[in-house]
1. Starting from the residue with the highest accessible area, list ILE172, ILE460, ILE127 in decreasing order, probe 1.4 Å.
2. Would you list HIS17, HIS282 from the most to the least accessible area, probe 1.4 Å?
3. Around THR466, what is the net charge, scoring Lys/Arg as +1 and Asp/Glu as -1 over all other residues with Cβ under 14 Å from its Cβ?
4. Take LEU94, LEU489 and sort them by solvent-accessible surface of the protein heavy atoms, 1.4 Å probe, largest at the top.
5. Mind ranking 467-475, 491-499 by how tightly packed they are, going by the mean number of other C-beta atoms within 10 angstrom, highest first?
6. Give me the distance between the Cα centres of the stretch 360-379 and the stretch 273-288, rounded to whole Å.
7. Could I have the simple spin-label model distance between LEU31 and ASN105, label points 7 Å from Cα toward Cβ, reported in nm to one decimal?
8. How much accessible area does MET438 have with a 1.4 Å probe, in Å² rounded to the nearest 10?
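The values are calculated or read from the model by the stated rules, or taken from the named source; none is laboratory data. For clarity, every value in this text was computed on a predicted model and none was experimentally measured. Every residue, glycine among them, receives a Cβ derived from its backbone with ideal geometry; neighbour counts consider all protein chains shown. Each accessible area value is taken on the protein alone, full model and side chains, heavy atoms only, with ligands, DNA and RNA left out. Shrake-Rupley method; radii C 1.70, N 1.55, O 1.52, S 1.80 Å.
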Amino acid sequence: MSEIFEELRTALYSVWHRRWLAIAVAWGVCLLGWLVIAMIPNSYESKARIYVDVDDVLSEQLGIAGDGKEEIQRVRQTLASNVNLERVIKSTKLGENINTSGEMNAAVAALSEKVTVKSEEDNLFEITAEVGKGDLSDAQNAVLARNVVQKMLDIFREEHIAGNKVGVTRAISELDEQLEERKQELEAAEERRLAFEAQYPELIGGSQTLSTKIQQARTELRDIDADLAAAQSALAAIDGQLSGTPRTIASSGQNAVGPRAALAQAQSQLAELRSRGLKDGHPDVVATTKQVEILTRQVAAAGPESINGQPNPAYTSLLAIKADRQAGVESLQARRAAIQSQTASLMASQASEPEIAAEANRISRDYDVLRQNYEKLLQDREAIRTRGNVEDETSQFKFDLIDPPVVPQSPAAPNRPLLLFGVLLVGLGIGAGVAYAMSQLRSTFATPQKLERGFDLPVIGSISLTISDAARVIERRRFKQFAGACAGLVAVFGILLTIEIVSVGTVA
């Protein structure tokens, strides 16, 4: 610790011994540094905050709302691009005296370091620009900083509106091209499907549809079997009732039989149906016609009858019911036979032509996929077109300027008071360092202890410096002069600092 103290005392003595050199160097460094600081142009910073509302009620109701946050982030990221910065330079004083592409590139690179676009929240953005040109006055730099931020705000709006229009037009054009291609493919697939279905009508829809048809036919066949069993049971019940019901009821002066009356009633019913305009293929006409045929056969089988009496209405009604149910049984049997034949044909096609069934599957699948893609592209194109129309009529997003750009009243850089003080400290430090370095170059020893260590010999004693009164007066005068030099350096620093503070308050 004593050695450190000794070295410190030696250094201070060396500097003090050459104090005039130190103060002269300090003056030179400070004046040069303060001159350089004075030549640095002031930079003025202007900023603006903008709020973007991405909630569009109209677009949401129409179901065409886009991803607003993603769109705004895209605009924010491209806002500080070289193209946009070049637009800013050309529309402000930054573009003056720029005639070549190299100068423009240099100006864009310099401005890109001074312009920042950051998001404080999801919908809140801050645009900041710092401008400081040496050929402009402070007031002009302050106004230019405001103009740069204002131009960035204009580009922010234009990028969204114009970008959306261009994007919508480009998207619709691309979708039209894709739709035309899909349309041609869909028409070709439809022609293949129609040609195949014309050649193999039972394989319409592919093998899966064929299996479905077989399953449906089997289900329908089971239902018909159940209905046929019920109809046959009902017919047997009517036959039992007929066997126990008399044909006629005793009466005088009338000769009629049951089958003939039932036949007349059925014929009358058939005539009534045809008078209503029903065709022969109508189910009611078919059933009544079968009933007439059955009753005709019964009348022919009964032969002439001479039984006196009045026809039994119950017997006649039962005969009509029997004819109707017998016609129903025959219709169910015919339907059952037709379905059995259809099922057998479908099963034969499925078993005997697996390659054709596979081809039917492929054609049907390709057609369905192309049709779904075509319909989806149509929906997308209409949605984009509707969205573009809505955005043309009403802006999709709302821009609220929270803090508009203003002309700054004080420079943002450089921090001249701090730089002036820093130059003062650096000048004093360099002066002291030069004085100490000069002392190290001279072969002198400031203390007896240093002399003893330098020669490795014992020092018996030291002689103190004794000066006369006249020399002491001279020394005192020189000290006052040195103090004046130091005070002058500090005074110059104070004057420069005062000038800086006053000038800052009178910029704009």
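1. Working: ILE172 30, ILE460 175, ILE127 0 Å².
Putting ILE172, ILE460, ILE127 in descending order of accessible area: ILE460, ILE172, ILE127.
2. Numbers: HIS17 115, HIS282 65 Å².
I get HIS17, HIS282, largest accessible area first.
3. Working: positive: ARG472; negative: ASP469, GLU475.
Local net charge: -1.
4. Numbers: LEU94 30, LEU489 0 Å².
So the residues, ranked largest to smallest area, are LEU94, LEU489.
5. On the way: 467-475: 9.8, 491-499: 13.7.
Highest to lowest by the protection proxy: 491-499, 467-475.
6. That distance is 44 Å.
7. Rounded to a tenth, the inter-label distance reads 4.3 nm.
8. Its heavy atoms expose roughly 70 Å² to the probe.
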